[in-house]
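Working notes, beginning with the structure itself.
Rule-based calculations on the coordinates, nothing more; no lab input. Every value quoted in this text rests on a predicted model; they were computed, and no experiment measured them. We place every Cβ from the backbone using ideal geometry, glycine too, and count neighbours over all the protein chains shown.
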Amino acid sequence: MKCSIITIVSILGLVGASPSSLDKRSKPQGLDVSAWQGNVNWAQVKANGASFAIVKATEGTSYTSPYFTQQYDGSYKQGLIRGAYHFAHPSAQNGAAQADYFIAHGGGWSADGKTLPGMIDLEPNGGSECWGITPSEMVTFIHDFGNRYHSKTGRYPMIYCTTSWWNTCTGHNTGFGADYPLVLARWASTPGAMPAGWSYESFWQFADSGKFPGDQDQWNGDEASLERMALGH
């Protein structure tokens, strides 16, 4: 997924610029939120400098966030580029079924220039880091989710994970980086090592609190490339 800097920024804006192309201070900042944040004051978020928001929509095939509409529509009304995310349950149902549920409950994509492709949130379930399934089964689950999402929206979903989770639970699988934008979770001063298959992140979740509600995120490019990402260019 992740060549010169000019090529990445101008042609592959949908997956972000190379890490050294822009100073961190100039990169668009944003946030991701869920029901934990409740009703968000989006006017204040915008005033504090946010460019984008990623909003939890669903889990598995039975949960929808009760605050999704307020958060998803509210961020849009303030001019933020917004996207939805799905907390995956890899041991519960197959990936295609979860993609269908996600799309049916707000996780779709439209080429309006203000909507990011959906994101699949891959992380441990309490004490079960990999949900009790093998790396091969995990890879199948993610492919099933991604292929169904692509068939219905024309975009591959973004993948959210930590480097350690990905390498452990997919067995260092390298088959997703070319098509799936990476949302890297690492609460630190630098993104650090990438998961297998990616050479850099598109978004970086760098802290769990800060000037915005929820988690603090950064787009790895400029505002123009973020807009191209939303458009699918």
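Rounded, prolate or oblate: pick one for the chain, where a ≥ b ≥ c are the square roots of the eigenvalues of its C-alpha gyration tensor, a/c under 1.5 means rounded, and failing that, prolate if a/b is larger than b/c, else oblate.
Taking the square roots of the gyration eigenvalues as a ≥ b ≥ c, the chain is rounded.
Can you sort 77, 114 so the residue with the fewest Cβ neighbours within 10 Å comes first?
Taking fewest neighbouring Cβ atoms as first place, the list is 77, 114.
Using 0.36 nm per residue, how much length does the chain from residue 150 to residue 209 gain when fully extended, once their Cα-Cα distance is taken away? Intermediate values should be presented prior to the final figure.
Values: separation 59, 0.36 × 59 = 21.24 nm, distance 3.20 nm.
My answer for the length gained is 18.0 nm.
Using amide H atoms built in the peptide plane, which far-off residues or other-chain residues are under 5 Å from residue 215 H to H?
Residues meeting the amide H criterion: 32.
Within the set 56/211; 27/152; 152/211, which residue pairs have Cα atoms separated by over 28 Å?
27/152; 152/211
Work out the length of the dipole vector of the chain about its Cα centre, built from +1 on the beta-carbon of each Lys and Arg and -1 on the beta-carbon of each Asp and Glu, and round it to the nearest 20 debye.
So the magnitude is around 480 debye.
For residue 91, project a label point 7 Å along Cα to C-beta. Then give me every residue of the stretch 117-151 with its amide nitrogen under 12 Å of that point.
124-134
With the cut-off at 1.5 for a/c, could you classify the stretch 82-207 from its C-alpha gyration tensor as rounded, prolate or oblate? Show your work: numbers first, answer last.
Working: a/c = 1.62, a/b = 1.14, b/c = 1.43.
It comes out oblate by the Cα gyration axes.
Decide, for the stretch 34-75, between rounded, prolate and oblate: order the square roots of the alpha carbon gyration tensor eigenvalues as a ≥ b ≥ c, take rounded if a/c falls under 1.5, and otherwise choose prolate if a/b is larger than b/c, else oblate. The partial results should precede the final answer.
Details: a/c = 2.99, a/b = 2.32, b/c = 1.29.
Prolate is the answer for the stretch 34-75, as a/c is 1.5 or above and a/b outweighs b/c.
Got a sec to turn the phi values of the stretch 176-186 into Karplus ³J(HN,Hα) couplings, 6.51 cos²θ - 1.76 cosθ + 1.60 with θ = phi - 60°, whole Hz, x for Gly and Pro?
10, x, 6, 10, 9, x, 9, 10, 8, 9, 7
For every helix of n ≥ 4 consecutive DSSP H residues, a contribution of -39,500 (n - 2.57) applies; sum these over the chain, divide by its total residues, and give [θ] at 222 nm rounded to the nearest 500 deg cm²/dmol.
Helices in the chain give a 222 nm mean residue ellipticity of -8000 deg cm²/dmol.
Dipole of the chain (Lys/Arg Cβ +1, Asp/Glu Cβ -1, origin at the Cα centre): which of 213, 119, 50 lies farthest to the positive side?
Projecting each Cα onto the dipole axis, the largest value belongs to 50.
Can you give me the distance in nm between label points at residue 62 and residue 110, each placed 7 Å from the Cα along the Cα-to-Cβ direction?
3.1
Distance between Cα centroids, the stretch 64-122 to the stretch 191-205: provide it in whole Å.
Answer, in whole Å: 21.
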